[in-house]
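Read-outs throughout are calculated quantities, based only on the coordinates presented, and are distinct from any laboratory measurement. Please read these numbers as outputs of a predicted model, since none were measured by experiment. All Cβ positions, even for glycine, are placed from backbone atoms using ideal geometry, and neighbour counts span all protein chains on display.
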Amino acid sequence: MKKGISPVFAAWFVLAGTVVGAAPQTLAAPSQAFKTPAEECLFTGYTQHEDVARFLGSLAAASANLAVRVVGGTREARGYPSQDLYLCVLTESGVRSPEKLDRSRPTILILASQHGNEQSPKEAALGFIRDLAVGELRPWLRRANFLVMPQCNPHGNLSDRRPNEQDLDMNRDHVKLESGGAAAIHRVFRAWMPEATLDMHEKGDDYYRVSLGCVSNINIAPEIQVFSRRVVLDEVRRALAKKNITFGEYVVRDEMGMNTATGAALPSDMLRGRETLLRYSTVEINDGRNSLGIYQTLSFIMECASRHDLPTLRERTSWQAWGLRFWAESVVGRGEEILAMVNRLRKEERERAGTYFEDDVIHLRMDYKRDPSVLQVVRKRFEAPPSQARGILRVDKKAGETVTASDLEPFPYAGRMKVVEETVKNWFPLVSSRLTVPRPLGYVIPSDKAQVVENLLRHGIGVGLFTRDAALSVEAYFVTDIEPSDIDWLPPERIEAEKRKIPVLARKGDFYASCDQPGATLIPLLLEPQSQFGLICYGRFDLVPKKGEFFSVWRVVEDRALPLAAYKNFLR
């Protein structure tokens, strides 16, 4: 290679006459006045919070289509001050509030950099905001509204670490909502109720430079998953192929018989020696995709390949940018269809939730399973030849001197990586229901469970307060057997409960969460004692019962007027 030509831009490997890993074509040159911070420094540094603020401020001053709002903040930690979290609202008429939004067109929410060491989503999101506000994508605003949170984890970005300033993995915090970032995401979602969402991430240095995953929790209408896979993912795949960017639906490996997707700190000896399976991401609702999809939303995760190092920032930002653009182009192009589908599904869910039916069931536990018609899957991956050099010397060494790992830095990309095909036999692409329960009309929550109620409020769920004592007939769970989990964030190892209809007295000051509201499916998932997704998984909510006791939250299935006042329905 000639001196002065970076190996980053070289083609990596040619197999059977087809370039399988060539550097992607770059996007159109940005306006000189509005280069992103990463473009300004030629991708030699990661954009930090102050840079984001300056860039968005300049852009908002120049564009009537962009409004920037502060929607939350981080905590002060480790000498790093609390930082604002920004929402960019991009519309044809330049609206600043959800009340003025034109709902005759779809609204699209894009989230970037929940994980602090996944830097390229933020860089691509800033370029996307620029292109919508003052660039070539402005015509899209005639057909869709865009909401973009370009930096959800400023402290993690600064330290280039996955967790936030509380040492929380934000993309495992969409049930508890302890982090300012996750709480802000859900506050934005509930205020604006977008029809489509994209959560942008990075993965390892994978052959598939761009991967998209759709919803997988089976409480979300199957129609959404089918449309996502057969329409949106297919359109993105074909568009990326024209740019010579490899695409694959997002899949993850997991230990057989274990669920590592919850974020629980599992001891290594529990995982050691187990076979692995391959599946379509997770059914958990504590991640950014299913937690928003549970509102019958067309929700996606995008994972782009990454070495997580500065020399490759330009390339991996380009993959993010093309993936984002083609995903958004598909959603905008199908906007009327998506708007009609999501509105219909949300309306149907509310109609079901307003009346009690035994056959209106919520799936509380799920298993990954094989597809009898497709027992294995073939995936491509990189493999380093045995003779591959270990890296590039950081310092000068003379012949015969010892070379340590600290003396080496990796190649920007493995220039001679071989592409191989791997047949995965433990392929589990389907999800089955293991436990269901009819959706009740609502739940009575005792007054001493304030942490539970505060969590519901953070999710935007309306809660009522009993203004006087009320005699009720409810369904209560009597616990006949239970083995609590030793690991926080996991449900009890075993819980057997009998549903009994009993008369009770709801006391003045107790709470009531009706299922007849947005979140009609989320509410049972959070409050049912046998839910693998529920608040019972987290010790802070103190919901784990003892054998021979009744579970503290009661189910209401009889339609009757209750003496309620709205709890904390103050203006926010």
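What is the helix-to-structure angle for 49-62, meaning the angle in degrees between its Cα long axis and the longest Cα principal axis of the chain, kept from 0 to 90 and rounded to the nearest 10?
90
Hey, how many Å between the Cα centroid of region 499-572 and the Cα centroid of region 155-213?
After rounding, the separation between the Cα centres reads 28 Å.
Nothing charged except the Cβ atoms of Lys and Arg (+1) and of Asp and Glu (-1): what's the magnitude of the dipole of the chain about its Cα centre? Round to the nearest 20 debye.
Numbers: 76 positive and 73 negative charges, 231 e Å.
Here the chain has a charge dipole of around 1100 debye.
Evaluate the distance, in nm, between pseudo-label points positioned 7 Å from the Cα of T276 and of V557 along their respective Cα→Cβ axes.
Computed distance between label sites T276 and V557 equals 4.4 nm.
First check a/c for region 104-148, with a ≥ b ≥ c the square roots of the eigenvalues of its C-alpha gyration tensor; if it is under 1.5, answer rounded, and if not, answer prolate when a/b is larger than b/c or oblate otherwise.
Values: a/c = 4.85, a/b = 1.71, b/c = 2.84.
Oblate, because a/c is 1.5 or more while a/b does not exceed b/c.
What does the highest-first list of 447-457, 532-542 look like by mean Cβ count within 10 Å?
Details: 447-457: 16.9, 532-542: 20.0.
Result, highest mean first: 532-542, 447-457.
Efficiency by 1/(1 + (r/R0)^6): what FRET value for S97 and V403, r their Cβ-Cβ distance, R0 = 60 Å, to the nearest 0.05? Please report the intermediate quantities before stating the final value.
On the way: r = 60 Å, r/R0 = 1.00.
Calculated transfer efficiency: 0.50.
From the residues P491, T47, P518, which one has its Cα farthest along the dipole of the chain in the positive direction, the dipole being from +1 and -1 charges on Cβ of Lys/Arg and Asp/Glu about the Cα centre?
Sorting the options by dipole projection puts first T47.
In nm, what is the difference between 0.36 nm times the number of residues separating S473 and K501 and their Cα-Cα distance?
Values: separation 28, 0.36 × 28 = 10.08 nm, distance 0.68 nm.
Taking 0.36 nm per residue and subtracting the Cα distance, the gain is 9.4 nm.
Just for the chain, what percent of DSSP beta bridges are antiparallel, to the closest 5? Display every interim value, and only then the final one.
Numbers: 67 of 89 bridges.
Beta bridges within the chain, antiparallel portion: roughly 75 percent.
How far apart, in nm, are the 7 Å Cα→Cβ label points at R381 and T423?
1.6
Among P529, S447, A566, whose Cα lies farthest out toward the positive end of the dipole of region 441-566, if unit charges sit on the beta carbon of Lys, Arg (+1) and Asp, Glu (-1)?
Result: A566, furthest along the dipole toward the positive end.
Going down the table (K501/K568; K449/K568; K501/K547; K100/K568; K242/K380), which pairs top 21 Å between alpha carbons?
Table pairs above 21 Å Cα-Cα are K501/K568; K100/K568.
Simple spin-label model, 7 Å along Cα-to-Cβ: A53 to W192 in nm?
2.1
Please state, to two decimals, what the Cα-based radius of gyration of region 441-566 comes to when divided by 2.2 N^0.38 Å (N = residues). List each step's numbers first, then the result.
Working: Rg = 14.0 Å, N = 126, 2.2 N^0.38 = 13.8 Å.
Here the answer is 1.01, to two decimals.
Which of the peptides 554-567, 55-68 is most tightly packed, and how do the rest follow, going by the mean number of other Cβ atoms within 10 Å of each residue? All intermediate terms of the calculation are to be shown ahead of the outcome.
Details: 554-567: 14.8, 55-68: 17.1.
Per-residue Cβ counts within 10 Å, averaged per peptide and sorted highest first, yield 55-68, 554-567.
Could you tell me how many degrees, from 0 to 90 and to the nearest 10, lie between the Cα long axis of helix 180-192 and the main elongation axis, the longest principal axis, of the Cα atoms of the chain?
So the helix axis and the longest Cα principal axis differ by about 70 degrees.
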